[in-house]
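Taken together, the values in this text are just the output of simple stated rules run on the coordinates, not laboratory data. Keep in mind the model is a prediction, meaning the values are calculated, not measured. Quick reminder, even Gly has a Cβ in these numbers, built from the backbone with ideal geometry, and neighbours come from all protein chains shown.
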Amino acid sequence: MTGGPRVDDLLRTLAPQVVGVLTRRHGDFDAAEDAVQEALLAAAVQWPADGLPQHPKAWLVQVAGRRMTEHVRGETARRRREEAVAAQVPDDRRAAPPADEDAAADRDDSLTVLFLCCHPVLTPQAAVALTLRSVGGLGTAEIARAFMVPESTMGQRISRAKQRIKASGVPFRLPGPEELPGRLALVLHVLYLVFSEGYATSAGPELQRVDLSVEAIRLARALHREVPGSSEAAGLLALMLLTHARSAARTGPGGELVPLAEQDRGRWDAAAITEGVALITATLPRGPVGPYQVQAAIAALHDEAATAGETDWPQILALYDVLQGLADNPVVALNRAVAVAMVHGAGAGLASLAAVEADGRLAGHQRLYAVRAHLRETAGERQAAITDYRAAAERTTSLPERHYLTLRAARLAGEPDRTGGDLRD
């Protein structure tokens, strides 16, 4: 969408609400979602030129509803079904909408749409794409650019996701109490994936896609409002705020990567840090403690340190020990190895890293080589560090990261006594 920041923000907020209205009204999420996308495009063009309508949501409902009706009428099979149903409905009922339609139009179904997009019948990748489109209000082209795939490929992925939801017959409603814990976990995971792709873009010329991170934070904030009793929903929001707070300092003037230890902390977002710290401080004592809360606590320790040298690494290591007990994740073990090195020295960190490598799940991953290069550099193993930096550079698909790793190897080759800062950012 290209209607300007205010219009874009409003449309993204309204998108899932309008999808919810039409899905409830017509019982067809697939067609409703397509119609809303067309209405969003029309609004992005018309509203900046003509001004915001008096009732933006009603405008979108009307335009999307008209589009949906046009599509439905163009499908012979559906028209026949409508006629069959209409023949059984009295004329007085056909002349007016259902009595509760006005109430339905005022209902905010954003959370219901979010849970629908993160249904277990979908893969996480498909759920991410559908969430960004149906809940985030992003167009297919925008999502395709974010994930470095052709628009046609992303369109097919989204279409298949909607068809799988339709075929599942899942009702348009929030999960019941018995379903909520499992379904909530998947929603949190999808939002985490959206944020992660924005914070550290997996491929392409940009280190980060701030728009994706901001959208993930908006959705996480809405989810937290809806399920205030979920400690992990609060933990995820806190983690996003505390991590995103560093975004402005993560790149230099030319878009180059700036590692955490070298960042200008004066450029960090103090308000986001304050909010994130307050949120995780209030959430942790409530329990039960989950992985997002522990990661948020780690991020808070980084953000609260006035300088890199003042970082409370012993406490961070203790938190990684807790996190490792909660999540059998090789990336957690990799990050823990860095913390071990910062507390007990590079040799101890390399020993921990060897155990991660032996596990095999990160075999050949660029992050493994990059961390080992940093630890070997710190330990004085210059040539081995150069080899690992170059291996990491060859394996990454992020151009800023590749440039950073290549430059690191070149500088180390030319300056034998140089040691680097913490590679984590």
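So here's what we get for this one:
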item: For residue 242, net neighbour charge (Lys/Arg +1, Asp/Glu -1) across residues whose Cβ lies under 10 Å away; result: -3
item: Ranked list, fewest to most other Cβ atoms within 10 Å of each Cβ, for 131, 311, 387; result: 387, 311, 131
item: Helical mean residue ellipticity (222 nm; -39500 (n - 2.57) per DSSP H run of 4+; nearest 500) of the chain; result: -22000 deg cm²/dmol
item: Sequence of 63, 18, 170 once ranked by neighbouring C-beta atoms within 10 Å, starting from the fewest; result: 170, 63, 18
item: Helix 151-168 vs. the chain, principal-axis angle (Cα, 0 to 90°, nearest 10); result: 60 degrees
item: Net charge dipole size for the stretch 327-425 [Lys, Arg +1 and Asp, Glu -1 on Cβ; Debye, nearest 20]; result: 140 debye
item: Within the stretch 7-30: backbone nitrogen closer than 14 Å to the residue 121 label point (7 Å, Cα to C-beta); result: 28-30
item: Length gained when the stretch residue 329-residue 163 is fully extended (0.36 nm per residue, less Cα-Cα span); result: 56.6 nm
item: Dipole-positive endmost among 335, 56, 243 within the chain (Cβ charges, Cα centre); result: 56
item: Size of the chain as Cα extents on the principal axes (Å, biggest first); result: 87, 42, 40
item: Label-point separation, residue 211 to residue 348 (7 Å along Cα→Cβ), nm; result: 4.6 nm
item: D_trans [Stokes-Einstein, Kirkwood Rh over alpha-carbon pairs] for the stretch 327-425, 25 °C, 0.890 mPa s, µm² s⁻¹; result: 185 µm²/s
item: Positive-end residue of 397, 350, 379, charge dipole of the stretch 327-425 with Cβ unit charges; result: 397
item: Gyration tensor over alpha-carbon atoms, the stretch 295-334, equivalent ellipsoid semi-axes in Å; result: 21, 9, 8
item: Percent RCO, i.e. relative contact order, over the chain, from Cα pairs under 8 Å lying at least 6 residues apart; result: 11 percent
item: Least to most buried among 179, 401 (fewest other Cβ within 10 Å first); result: 179, 401
item: The stretch 327-425 - percent relative contact order, Cα under 8 Å, separation 6 or more; result: 22 percent
item: Electrostatic dipole magnitude of the chain [Cβ: Lys, Arg +1; Asp, Glu -1; Cα centre; debye, to 20]; result: 820 debye
item: Pairwise label distance in nanometres, residue 411 with residue 151, each label 7 Å out on the Cα-Cβ vector; result: 4.0 nm
